[in-house]
Amino acid sequence: MIPLQHFLLLSAALFSIGVAIVLVKKNAIVVLMGIELMLNAANINLVAFSKYDPSINGQMFALFVMIVAAAEAAVALAIVLKAYHYYRSIELDDLNSLKD
């Protein structure tokens, strides 16, 4: 049986990598991948903690997070495709005119 600490360390590492990707990278698709990595780190925590809880609330919440992540990815990819169609770039620095 794998102890809880290993799951927490894995989750912390994945979340840290996701935060680093979101903060450092300028490509919109890569930033979306970083966000998905952070959501998956949260899911690992939810499932790991639900193992020690007799109810399945953690697993159900993890399933909800996966559904929200899939919807977020679909909407974000649609926005990125539309931005690429208009600006011919998906670099976040090139999309500065969206602020106006």
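For segment 1-34, the tally of residues that are under 30 Å from residue 85 (Cα atoms), surrounded by 18 or more Cβ atoms within 10 Å (Cβ to Cβ) and among the hydrophobic types (A, V, I, L, M, F, W, C) stands at 4. For segment 37-58, the criterion of being open to solvent by less than 60 Å² (accessible area, probe 1.4 Å) and part of a loop (DSSP other than H, G, I, E, B) is satisfied by at least one residue. All of (1) under 24 Å from residue 94 (Cβ atoms); (2) open to solvent by less than 50 Å² (accessible area, probe 1.4 Å); (3) of a type outside the set (Phe, Trp, Tyr); (4) under 13 Å from the mean Cα position of the chain (by Cα) hold for residue 80 with one exception: (4).
Criterion first (open to solvent by less than 50 Å² (accessible area, probe 1.4 Å), modelled with pLDDT of 90 or more and under 16 Å from the mean Cα position of the chain (by Cα)) does residue 62 satisfy it? Judged against the criteria, residue 62 is not a match.
The values are calculated or read from the model by the stated rules, or taken from the named source; none is laboratory data. No experiment lies behind these values; they were computed from the predicted model shown. Glycine also receives a Cβ, built like all others from the backbone with ideal geometry; neighbour counts cover every protein chain displayed. The area values use the complete protein model at the heavy-atom level, side chains included, leaving out ligands, DNA and RNA. Shrake-Rupley method; radii C 1.70, N 1.55, O 1.52, S 1.80 Å.
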